[in-house]
Ligand code: ATP
C-alpha cells in the first residue's frame with residue numbers, strides 16, 4: 001500500500017491551557033481529496049494550523065509523505081510539501097493578481113513562469129491580471145488564493161473554508177477546479193463548515209465535533225452521522 005501523503009495521528013493541540021483538538025487522526029492518500037467537515041468551533045481551523053505548522057501540537061504525530069514533521073515550523077512544512085489556502089484567503093486588497101504571483105517568485109523569469117502556470121489553470125485570472133484583488137469578486141479572490149497555492153507545486157494543498165461567503169454556483173465551479181487538481185495528481189484536504197457539494201468531490205471525509213473525529217469514511221457512509229451533527233447543532 002502506498003504511503004499516505006498526510007498522516008495526522010492522535011493530535012492534541014490548543015491555545016494556552018485550553019486543548020481544542022483531543023486526539024485527532026486523519027489520513028489522505030496521494031491524489032485523493034479528503035473532506036474535513038464539522039460545525040462552528042469544532043477545531044477545523046486548528047487542525048489546518050497544525051498541518052501548516054502554525055500551531056504546535058502537544059501530543060501526537062504529523063507525517064507528510066512519510067516524513068515526520070511533528071512540531072516543525074511552517075517553512076519546514078512547506079519544504080515537506082504542504083501549501084495552505086487560509087480561511088479568509090490571505091489576499092492583499094491593494095495588490096493586483098500579477099503582483100500576488102510576483103511575490104512568490106525569485107526573479108522575473110520565475111514570475112513569468114508562475115503567471116503562465118496560474119493562468120493555464122485559472123484562465124479567468126488572466127483577464128484580471130492587472131486588477132487589484134480588493135475590487136475582484138469573492139469567487140475571483142478565492143481563485144487567486146487557490147492559484148497562489150497551486151503554482152507552488154507542492155503535493156499537498158490544504159484549503160480552509162473555500163466556500164465562505166460565496167454563491168453556490170461559484171462554489172461548485174471552484175470545487176470543479178479542486179477536483180481537476182486532484183485528477184492531475186495533487187492531494188487535497190478540503191475543510192468546510194457546510195456540507196455543500198463537498199461530498200461529491202471528496203474520496204474520503206471526516207467529521208470533526210468538539211475537537212474529535214466522530215465519523216470517518218467514504219462520503220456515502222458518513223452521510224447519516226453528518227445529518228445527526230448538523231441537525232443537532234442547528
Ligand atoms: P470555525 O468554523 O468557526 O472557524 P473551527 O471548526 O475552524 O471553527 P477552530 O477555529 O479551530 O474551529 O476553533 C476551535 C476552538 O478553539 C474554538 O473553541 C475556538 O474558540 C478556539 N480557538 C481558536 N483559535 C483560538 C485562539 N487563537 N486562541 C484561543 N482559542 C482559540
Can you tell me which residues in the range 59-96 are touching a strand residue (DSSP E or B) at 6+ places or on another chain (Cβ under 7 Å), without any contact (Cβ under 8 Å) to a residue 60 or more places away in the chain, crowded, with 16+ Cβ neighbours inside 10 Å and under 22 Å from residue 132 (Cα atoms)?
95, 96
Scanning the range 180-200 for residues that are under 13 Å from the mean Cα position of the chain (by Cα) and more than 24 Å from residue 96 (Cβ to Cβ) gives 182, 186, 187, 188, 189, 190, 191, 192, 193, 198
Note: among 48, 36, 24, just one is under 26 Å from residue 180 (Cα atoms), in a strand (DSSP E or B) and within 16 Å of the ligand (Cβ to nearest atom), namely 36
Those residues of the range 55-74 which are more than 10 Å from the ligand (Cβ to nearest atom) and either under 21 Å from residue 197 (Cα atoms) or in a loop (DSSP other than H, G, I, E, B) (or both), in sequence order
56, 57, 58, 65, 66, 69, 70, 71, 72, 73
Confirm whether residue 31 is in a loop (DSSP other than H, G, I, E, B), more than 9 Å from the ligand (Cβ to nearest atom) and closer than 21 Å to residue 216 by Cα.
yes
When residues of the range 12-21 are filtered for being under 16 Å from residue 37 (Cα atoms) and more than 7 Å from the ligand (Cβ to nearest atom), how many remain?
1
Would you please name the residue that is surrounded by the fewest Cβ atoms within 10 Å (Cβ to Cβ), looking only at residues in the range 191-207 that are at pLDDT 85 or above and touching a helix residue (DSSP H, G or I) at 6+ places or on another chain (Cβ under 6 Å)?
201
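The values are calculated or read from the model by the stated rules, or taken from the named source; none is laboratory data. Bear in mind the structure is a predicted one, so any value in this text is a computation, not a measurement. All Cβ positions, glycine included, derive from the backbone under ideal geometry; neighbour counts span all protein chains shown.
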